[in-house]
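Down below is the structure, laid out as structure tokens.
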Amino acid sequence: MCGVVGALAAFYHDGLDIFDPQDRMIASHRLIAKMPTIAAMAYKYSLGQPFVYPRNDLGYAENFLHMLYAVPCEPYRAPPAMMRALEALLIIQADHEQNASTSAMRLVGSTRANPYAATAAAIAALWGPLHGGANEAVLDTLEAIGTVERIPEMLARAKDKNDPFRLSGFGHRVYKSYDPRAKVLRPLCHEVLAALGREDPLMTLAMELERIALEDDYFVRRKLYPNVDFYSGILFRALGLPPAMFTPVFAVARTVGWVAHWNEMMTDPETRIVRPRQLYVGPAERRVDPIEMRPEQTPLVG
């Protein structure tokens with residue numbers, strides 16, 4: 001996705017005057033429209049299946065599901081519960097203040113780079129597991145716990161500072177109470193699984209983990225409540241998406257926020273290139289020995 005989005009500027013030469021409101025709107029619409037297509041094509045390519053092109057008669061979420069799951073040999077109609085769940089995910093993940101990827105979008109955009117390059121930079125920021133991969137880490141945590149019976153043991157490990165085990169999906173840099181986004185996603189997990197006639201043992205495990213953790217004084221005192229990633233990973237899984245697709249779908253959702261930030265920045269006459277300053281806190285003075293007095297160094301090779 002990062003490479004293809006960055007390459008869009010080579011295909012679309014119109015809409016690249018970043019100081020023209022109409023051009024900015026063309027580029028914004030194009031990014032928001034094409035991102036699901038690019039994500040779905042990446043998914044289809046990974047499966048070795050033919051690409052499914054977008055349809056103008058379908059809504060945004062339904063169209064995305066159609067491109068993800070349709071095959072040429074039979075018709076596909078996304079279940080309404082899946083459409084509602086994906087639409088909620090896309091809305092919830094559209095923007096969340098000055099996060100890492102949004103900062104990357106604004107920083108690169110401040111150089112007056114074209115919006116496709118700035119969006120590719122934002123996608124690259126999602127590559128790291130601390131931003132785009134957080135919901136995948138939640139599933140890894142649940143699978144590491146394995147069974148309901150092991151929850152007390154794993155919670156004890158999570159509270160042990162000397163233990164490398166970390167409980168993903170709890171706590172947030174901003175929210176010091178129950179993440180409101182998690183409250184929206186929680187019932188949707190049940191709705192999708194019920195509509196598709198599926199049972200997910202990880203969902204049962206997650207519900208019990210949440211119940212026990214929220215009764216534990218350690219988590220309550222530190223305000224470590226479930227965050228959006230705790231349930232978004234389970235919901236992605238309920239939608240039938242593999243972990244490798246969690247971050248691409250997140251990028252589809254967050255594109256709306258990225259282009260909104262970019263447009264806001266470009267219309268602000270006070271906008272300047274982002275140039276953070278550093279304060280040097282090292283030694284005030286360093287001794288420099290003459291070359292002939294320095295210990296012999298091994299020559300660098302290669």
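Of all the listed residues (R112, R166), the sole one being loosely packed, with under 14 Cβ neighbours inside 10 Å, under 30 Å from W258 (Cβ atoms), at pLDDT below 85 and basic (K, R) is R166. Candidates T271, T255: the one that is of a type outside the set (G, A, S), within 17 Å of the chain's Cα centre (by Cα) and not assigned by TED's automatic domain parsing to the domain that holds Y175 is T255. In the set (1) at pLDDT below 95; (2) over 17 Å from the mean Cα position of the chain (by Cα), Y45 fails one condition alone, (1). The number of residues in segment 226-241 being within 17 Å of P129 (Cα to Cα) and part of a loop (DSSP other than H, G, I, E, B) comes to 1. Elements of the type helices (runs of 4 or more DSSP H) sitting completely within segment 83-200 and holding at least 3 residues that are without any contact (Cβ under 8 Å) to a residue 60 or more places away in the chain and not basic (K, R): these cover 100-109, 134-145, 151-159, 180-196.
Within the option set E264, E270, being assigned to a loop (DSSP other than H, G, I, E, B), out of contact with any strand residue (DSSP E or B) (no Cβ under 8 Å at 6 or more places or on another chain) and either closer than 26 Å to R166 by Cα or modelled with pLDDT of 90 or more (or both) holds for one residue only, E270. Only residues that are acidic (D, E), surrounded by fewer than 19 Cβ atoms within 10 Å (Cβ to Cβ) and assigned to a helix (DSSP H, G or I) were counted in segment 201-217, giving 2.
Applying a threshold of 9 Å to beta carbon distances and a minimum spacing of six or more residues, or different chains, the list of pairs starting in segment 255-284 at a residue that is in contact (Cβ under 8 Å) with a residue 24 or more places away in the chain and within 13 Å of R112 (Cα to Cα) and ending at one that is in a loop (DSSP other than H, G, I, E, B) and not β-branched (V, I, T) reads M265/S110; M266/F19; M266/R112; T271/S110; R272/S110; I273/S110; I273/R112; V274/S110.
The values are calculated or read from the model by the stated rules, or taken from the named source; none is laboratory data. Nothing here was measured: the structure is a model prediction, and the numbers come from that model. Neighbour counts are summed over all protein chains in view; Cβ atoms, including those assigned to glycine, are modelled from backbone coordinates with ideal geometry.
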